[in-house]
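**Q** Have a look at the structure that comes next, please.
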Amino acid sequence: MEWIKRNLIFVVSAVVALILLGAAGWYGYSGFNNNSVKKEAITTAYGELNELYRAKPAPGDGKKVDNIKMAKEQQQEADAFLTNLTAYLQEIPAIPAKTGVTGQRFSAALQETISQLQREATNNSVIVPPGYKFSFSQQASLVQFAPGTLDALAVQLGEVKAICDILNEAKINSLTEVRRERVPGNPDDLKGPVTDYIDKKSITNDLAVGSFYEITFQSFTPELAAVLTGFARSPYGLVVKAINVEPATATLLNELMPTPGMPGYALPPQPYAAPGGPAAPGYQPMVRSEMRMGMGVGGGGAEGRMSRYGGAGQMAPRYAQVPQAQPMPAQPYYANPALVAPKSGTQPFLTEKQLKVTLLVEVLKLLPAKS
């Protein structure tokens, strides 16, 4: 014991070292077992992978599996689907045709198309802003255009006309604006008004190209339904991607409609003396006794008539004439909803109101088939 007391620090250090050696041994043993388990799992995975590499579940592996035949059948189904889809995604004709488009041809075609759209809108009672250019405000005054942009502009002009034809056919109330994409590399579009363009770009995949247009117009629900039906029935690839509907601004007709509390004018009812009721001003009813006196029946005779109608020497008429009541001038009144009598009969459950509609339309154009 005396030796331990003299070498207490050494003894404590030896005990701590033994504990640490035991912990290290246990950690190494557990790690070795863990490595063995992981190694077995990796070996099993490699074995399965090699079996998959060596396997041949491929063409002609018995009568149940024929991958080449299945692939050919699926390819035929895909080709048939694309063929049927072509009937619903026809290409919208460019204005003018994309073959040999020059600045002079496009300028003339643009002016003619704008005039045609304005004329068709007038014929279908569609209100358009005065001098509206259908998103081609910048190009309408040009004759020379940036190189390499005429084909894209001709395609956009044809697509705008196809969309506006549907709106005119649906007979919407008014067209607010049509917005299109900016043609890449066209400096003229950068100079045009912001209201002619949208901040979107065409999307391309392996099958088609999608271009976007935004249309804002005002109409009622039947015209909106006609517009959506026109897009659905169109032979072109016109897809409505988004729709926003909100109440339109108050029209002049709504502003002129009387509202409760507003002063109005009405003629008061004509005075009428009902039997037994109060007489109108200036009206003197002739009672049965006076009629008898006027006709000489009963007592009084002429004397009774004279005393009744103003004294001696003044004879009363045989039949007294009833004075006509004079109509009073119109007096202002104030409509009070609490005093208005409810209307009888069937009342409308919904009141149709004009709507402001904004549509985001995508035009799908199929790419040429790959050989």
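Just so it is clear, none of the values below were taken in a lab; they were calculated from the coordinates. Since the structure is predicted, the reported quantities are computational estimates derived from the model, not experimental observations. Note: ideal-geometry Cβ built from the backbone for every residue, glycine included; neighbour counts use all protein chains shown.
**Q** Could you line up Ile92, Ile68 from fewest to most neighbouring Cβ atoms inside 10 Å?
**A** Lowest to highest Cβ neighbour count: Ile68, Ile92.
**Q** On to the next question. Rounded to the nearest 0.05, what FRET efficiency is calculated for Arg233 and Lys38 with R0 set to 56 Å and r the Cβ-Cβ distance?
**A** Calculated value: 0.30.
**Q** Given H placed 1.01 Å from N in the peptide plane, which residues other than close sequence neighbours of Tyr197 have an amide H under 5 Å from its amide H?
**A** Placed amide hydrogens put Arg180 under 5 Å from Tyr197.
**Q** Give the distance, in whole Å, between the Cα centre of the range 143-158 and the Cα centre of the range 73-132.
**A** 14
**Q** Using the structure shown, list the pairs from Lys98/Lys200; Lys171/Lys191; Lys133/Lys200; Lys72/Lys200; Lys98/Lys191; Lys72/Lys161 with a Cα-Cα distance above 30 Å, or answer none.
**A** From Lys98/Lys200; Lys171/Lys191; Lys133/Lys200; Lys72/Lys200; Lys98/Lys191; Lys72/Lys161, over 30 Å: Lys171/Lys191; Lys72/Lys200; Lys72/Lys161.
**Q** In what order do Leu224, Leu150, Leu49, Leu82 fall by count of nearby beta-carbon atoms within 10 Å, going from fewest to most?
**A** Numbers: Leu224 19, Leu150 22, Leu49 10, Leu82 13.
The order, fewest Cβ neighbours first, is Leu49, Leu82, Leu224, Leu150.
**Q** Which order results if Tyr27, Tyr132, Tyr213, Tyr88 are arranged by neighbouring Cβ count within 10 Å, fewest first? Mind dumping the intermediate values first?
**A** On the way: Tyr27 10, Tyr132 17, Tyr213 22, Tyr88 14.
The fewest-first ordering by Cβ neighbours comes to Tyr27, Tyr88, Tyr132, Tyr213.
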